[in-house]
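Below is one structure, written out as structure tokens; the observations come after it.
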Amino acid sequence: MGERSLVHSGFSWEKEIIGEIIRSCDEDVYLPSDDTYLMVRYLINFLRSFKIMNTLEIGSGSGFIACLICRDTEYLVLTDIDPASAECTYKISQTCGCGDRTDTLICRSGGCFRDKSFDLIYSNPPYLPCDDDIRVCGGSDGVSVALDLLSNIRRILRDRGVALMLLSSLGDLRKFLAEAHKNGYIVKVVDKLRKFFEILMVLMIMRRNGY
């Protein structure tokens, strides 16, 4: 595909990335969907409004988001617990020309990093209330995976850092928000998409008073 700039591209460029994912990656890797597009749309606007040094994606999946944002952050670390997804992320980020500013690791929920390593952490974790498919199921309450992420985000996010997480109205959002508030976070909805019987939401998570 070669290195390109999203500024001079659009839907055709995104289609090329998806085509490369289908050709190059394991068929079980999660393909970009409505939730992916919602997250990447907000991320692009956010990154172009603020200077972000160190960024972490937890659950990089196919590497689609990385392709579209890697030029808007100084350094991007991409992680996934699934080896096939991590391999796909690496291949796609290299093909997109992101290799000089990204690293790809197999890691669970950000647990492999030192304290206060990142200015921005984002994740589109499994959020459906089910247990039978790790790609989409976030536990019986739909937020178990998100709560696991939250515990590590608290440790590895820098002071005044920001976390973005995508969740669904089908999950137990009250449980997630209660845990976030208990741990000193402010949470607000910054983007959303109504889809059939659910609402997909991008949540911005920040420490109260920045610390």
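In degrees between 0 and 90, to the nearest 10, how far off the longest principal axis of the chain does helix 11-24 point, with axes built from Cα atoms?
The answer is roughly 90 degrees.
For residue 115 and residue 192 in one chain, what is 0.36 nm times their gap in residues minus the Cα-Cα distance, to one decimal in nm?
Separation in residues times 0.36 nm, less the Cα-Cα distance, equals 24.7 nm.
How much FRET efficiency would the formula 1/(1 + (r/R0)^6) give for residue 108 and residue 84, where r is the Cβ-Cβ distance and R0 is 22 Å, rounded to 0.05?
The calculated FRET efficiency here is 0.90.
Which order results if 30, 90 are arranged by neighbouring Cβ count within 10 Å, fewest first?
90, 30
Give the long-range amide H neighbours of residue 121: residues separated by 5 or more places, or on another chain, with amide H under 5 Å away, using H modelled in the peptide plane at 1.01 Å from N.
Answer set, sorted by chain and number: 56, 162, 163, 164.
Roughly speaking, what is the centre-to-centre gap between the stretch 148-208 and the stretch 35-98 when only Cα atoms are used, to the nearest Å?
Cα centroid to Cα centroid, the span is 19 Å.
Is the shape of the stretch 65-180 best called rounded, prolate or oblate, per the rule: a/c under 1.5 gives rounded, else a/b larger than b/c gives prolate, else oblate, with a ≥ b ≥ c the square roots of the Cα gyration tensor eigenvalues?
Taking the square roots of the gyration eigenvalues as a ≥ b ≥ c, the stretch 65-180 is oblate.
What are the ³J(HN,Hα) values, in whole Hz, obtained from phi via the Karplus relation 6.51 cos²θ - 1.76 cosθ + 1.60 with θ = phi - 60°, for each residue of the stretch 135-141 in sequence order, with x given for Gly and Pro?
Taking θ as phi minus 60°, the curve returns 6, 10, 8, x, x, 4, 9 Hz for the stretch 135-141.
Which length gain, in nm to one decimal place, applies between residue 22 and residue 154 when the Cα-Cα distance is subtracted from 0.36 nm times their residue separation?
Fully extending the segment from residue 22 to residue 154 adds 44.0 nm.
Using Cβ counts within 10 Å as a stand-in for footprinting exposure, how do 144, 24 rank, fewest first?
Neighbour counts put them in this order, fewest first: 24, 144.
Helix 34-47 versus the longest principal axis of the chain: what is the Cα-based angle in degrees, 0 to 90, to the nearest 10?
Between helix and principal axis, roughly 90 degrees.
Calculate, for residue 174 and residue 48, the FRET efficiency according to 1/(1 + (r/R0)^6) with r their C-beta to C-beta distance and R0 45 Å; round to the nearest 0.05.
0.85
With each label point set 7 Å from Cα along the Cα-Cβ vector, what nm distance links residue 94 and residue 41?
3.3
At 7 Å along the Cα-to-beta-carbon direction for both residue 15 and residue 75, put a label point, then send me their distance in nm to one decimal.
The modelled label-to-label distance comes out at 3.8 nm.
Coordinate-derived values only; no laboratory data. The structure displayed is predicted, hence computed values, not measured ones. Using ideal geometry, Cβ is built from the backbone for each residue, glycine included, and neighbour counts are taken over all protein chains shown.
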